[in-house]
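Every number here is computed from the coordinates shown, using simple stated rules; none is lab data. Here the structure is a predicted model, which means the values were calculated and not measured. When we count neighbours, we look across all protein chains shown, and the Cβ atoms used for this are built from the backbone with ideal geometry, even at glycine.
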Amino acid sequence: MESEAVRRYRFLLLTGESSSLIALHAAALRALPRTTSAEILRTLRVRLVAGQRLSVNDGGAIARIAVLGEKRQPGALRHSLAQATLEQLARSVVTIASSTSLLAGYSRWDGAEPAPPPEPEPAKDHHSRWHDARINPGATWGIAYVGGLSTPPATAGPQRGCALQPLRPRPRRPI
């Protein structure tokens, strides 16, 4: 069962604008003890594979990684943090957010997370674009063949946009 602070924190993450959430998290990380900030940074490094070069003093960068990671993969950070660390972070963020209008609408929220948006369909030529570039010399992707013994005759020659050079014997150097 999640606490009220964690529930409000989850509401903020789902409904808040990224720039506002980054500012809230940066302020919250400054207010938290260094050990808690270090635990959050360790979790970001392991779970999101980010922040390898950051230190505990880089609160703004840690906040940015945490918020954007949660926006891209909801629950990625929340489910990875220890419960005590999550409680501290949630309480700190919600306390700072209570002075803003970001919690407006919380009383009407049912607590359900929205379904993720459907993945967009790839373009019809998504997988064949490289093939078209190989066949059509006027395609936007330019693939140039040097030609030679390993180039098949069907894909070589000026009719395919390739400049083949005739094989010339190499001059021998005197010994």
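Within the stretch 1-26, residues that are closer than 16 Å to residue 108 by Cβ reach partners that are among the β-branched types (Val, Ile, Thr) with beta carbons closer than 6 Å, at six or more positions or on different chains, in the pairs 8/94.
Being loosely packed, with under 15 Cβ neighbours inside 10 Å, closer than 21 Å to residue 111 by Cβ and more than 15 Å from the chain's Cα centre (by Cα) is true of residue 98. One residue stands out among those in the stretch 6-33 that are polar (S, T, N, Q) and farther than 13 Å from residue 97 by Cβ: the one that is surrounded by the fewest Cβ atoms within 10 Å (Cβ to Cβ), which is 19. Among the residues of the stretch 39-57, write down those that are in a helix (DSSP H, G or I), surrounded by 15 or more Cβ atoms within 10 Å (Cβ to Cβ) and of a type in the set (A, V, I, L, M). Passing the criteria: 40, 41, 44.
Checking each residue in the stretch 1-27 for being of a type in the set (A, V, I, L, M, F, W, C), under 23 Å from the mean Cα position of the chain (by Cα) and more than 13 Å from residue 75 (Cα to Cα) picks out 21, 22, 23, 24, 26. No other residue among 7, 64 is among the basic types (Lys, Arg), more than 22 Å from residue 112 (Cβ to Cβ) and assigned to a helix (DSSP H, G or I) apart from 64. Return a yes/no flag: does the stretch 59-80 have any residue that is surrounded by fewer than 21 Cβ atoms within 10 Å (Cβ to Cβ) and β-branched (Val, Ile, Thr). There is no residue in the stretch 59-80 that is surrounded by fewer than 21 Cβ atoms within 10 Å (Cβ to Cβ) and β-branched (Val, Ile, Thr).
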